[in-house]
1. What are the residue pairs meeting all of these: first residue in the range 1-26, first residue touching a residue at least 60 places away in the same chain (Cβ under 8 Å), second residue small (Gly, Ala, Ser) and surrounded by 15 or more Cβ atoms within 10 Å (Cβ to Cβ), Cβ atoms under 6 Å, and 6 or more apart or on different chains?
2. Go through the range 391-414 and give me each residue that's closer than 20 Å to residue 356 by Cβ and either modelled with pLDDT of 85 or more or loosely packed, with under 12 Cβ neighbours inside 10 Å (or both).
3. Tally up the residues in the range 157-168 that are open to solvent by 20 Å² or more (accessible area, probe 1.4 Å) and either in contact (Cβ under 8 Å) with a residue 24 or more places away in the chain or among the aromatic types (Phe, Trp, Tyr) (or both), please.
4. Find the residue count for the range 352-362, including only residues that are open to solvent by 40 Å² or more (accessible area, probe 1.4 Å) and touching an Asp or Glu at 6+ places or on another chain (Cβ under 9 Å).
5. Suppose we filter 221, 154, 194, 252 for residues that are open to solvent by 10 Å² or more (accessible area, probe 1.4 Å) and either among the hydroxyl-bearing types (Ser, Thr, Tyr) or modelled with pLDDT of 95 or more (or both); which single one remains?
6. What is the one condition in (1) closer than 27 Å to residue 274 by Cα; (2) part of a helix (DSSP H, G or I); (3) of a type in the set (Gly, Ala, Ser) that residue 77 does not satisfy?
7. Residues in the range 290-301 that are outside any loop (DSSP other than H, G, I, E, B) and surrounded by fewer than 16 Cβ atoms within 10 Å (Cβ to Cβ): how many?
Amino acid sequence: MLIHDSSSRQKVELPPQPGPIRMYVCGPTVYQLIHIGNARPFVVSMWMRAWFRERGYEVKLVENITDINDKIYEAAARQQLGSAELAEQAAQWYIEDTDALGLGRPDVEPRATEVIPEIVALIAELIDRGLAYESSGDVYFRVPAYPEYGSLSGAQPDDMIAQEPSDLKEDPRDFALWKATKPHEDTEWESPWGPGRPGWHIECSAMAEKHLGPEFEIHGGGLDLRFPHHENELAQSRGAGRPFARYWAHNGMLQLAQEKMSKSVGNIVSLREVLDTYGREAVLIFFLGGHYRGPLDYSDEAMKAARTVADDFRNARLVIPTGAPVRDWDAFVSELDDDFNTPSALALMHEWRSAGRLDLLSRAMLIFGLELPLHPEAPPEVMELAGARVAARAARDFEEADRLRAEIEALGWEMQDMPDGGFRLVARL
């Protein structure tokens, strides 16, 4: 089984079954409703876990929730709420909205506030190794002391200098591991360097080690996190002597009008709004249509098209099997085993639906959290008329085909011709 490693920039082969495959995926910073773009890493990681298990792997998926962050303090102040109160409320929104996707939950969903002792211990170890230093209650990672810095992202010195400007740093490229409490912050924890709270990056190093150990197979998350967040995670953990992630699987970003969907930019559409408008099946089909590593353009037109496909799959039991030759399950396996190629897998699902191969279609749909509803099938009389109409159209006897369509409609059913040459039968209410 192959997956593209963002670090080596090439496909790598995963260990043979049963593995294990241990996965850590960066979840959201919780201070408002998540947008549809935030849902992509959740969906991709849940699908990957399902596929790995289908293929015989032992899998553990850890996906964190960041509940300490500058953005949370700022949003809480605007709303005149306590930051912990807002974080808890927004975490529940996130769980409710992703629950509505029907994919289940990660095996562990740790929060930053749960691992403060582990964070403090890891920072102390980095100080002992000469890779971190205290400055007026803050603690910073010494980037120049870690020569491998930049290996994951290919970041250049100018990129590094842009991180967290502060006069307390030895070098502009250094980044915060611990931040002393500021006047506007309403939560703090004790540490050897005084009261404060962790920086953003250190939490993931601590949570990954606590729940997966010092080394694990796959680290996932959005491509926008590769620098500085994931670069900093890697430096912290390997600087402390942990092997950390063997491979990195970054998902591409959702775009709205060719621009990355972002809370800071303001061009966002909430997951809840999309679910209410189009339904969970359409959301999942939409994500299936784009390779997880590439960008994906969001629009109402794209969602309407995805909803149409979802309707087609939902009504697949009404398609009369054609007997046409189709590719088998091994072809599906081949596509997903090659860097999780969901667009090609989706094309196969269309092929199976058109041919009436419900055995293959339903098996594939379950991998992606979709189900084939047990619709009542059209009665034998309607099925017989539909078959006769297919034969009439094939013989180019369109007058007879129209007559048969009218008979079908008189019995309370509509026969819809599909662009791929198939058809579906829909009960007329």
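1. If the second residue must be small (Gly, Ala, Ser) and surrounded by 15 or more Cβ atoms within 10 Å (Cβ to Cβ), the pairs left are 3/249; 24/208; 25/45; 25/220; 25/221; 26/221.
2. Matches in the range 391-414: 391, 392, 393, 394, 401, 404, 405, 408, 413.
3. So the count comes out to 3.
4. Matching residues across the range 352-362 total 1.
5. So the residue among 221, 154, 194, 252 that is open to solvent by 10 Å² or more (accessible area, probe 1.4 Å) and either among the hydroxyl-bearing types (Ser, Thr, Tyr) or modelled with pLDDT of 95 or more (or both) is 194.
6. Here residue 77 meets the rest and fails (1).
7. Looking only at the range 290-301, we keep the residues that are outside any loop (DSSP other than H, G, I, E, B), and these are 296-298, 300-301.
Filter once more, so that each one left must be surrounded by fewer than 16 Cβ atoms within 10 Å (Cβ to Cβ): 297, 300-301.
Final tally of qualifying residues: 3.
Per-residue answers, yes or no, for (1) aliphatic (A, V, I, L, M); (2) open to solvent by 30 Å² or more (accessible area, probe 1.4 Å):
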{"site": "69", "(1), (2)": "no, no"}
{"site": "72", "(1), (2)": "yes, no"}
{"site": "76", "(1), (2)": "yes, no"}
{"site": "79", "(1), (2)": "no, yes"}
{"site": "84", "(1), (2)": "yes, yes"}
{"site": "99", "(1), (2)": "no, yes"}
{"site": "109", "(1), (2)": "no, yes"}
{"site": "118", "(1), (2)": "no, yes"}
{"site": "124", "(1), (2)": "yes, yes"}
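The values are calculated or read from the model by the stated rules, or taken from the named source; none is laboratory data. Values in this document were obtained by computation on a predicted structure and should not be read as measured data. Backbone-built Cβ (ideal geometry, glycine too); neighbour counts: all protein chains shown. Ligands, DNA and RNA are excluded from the accessible area calculation, which covers all protein heavy atoms including side chains. Shrake-Rupley method; radii C 1.70, N 1.55, O 1.52, S 1.80 Å.
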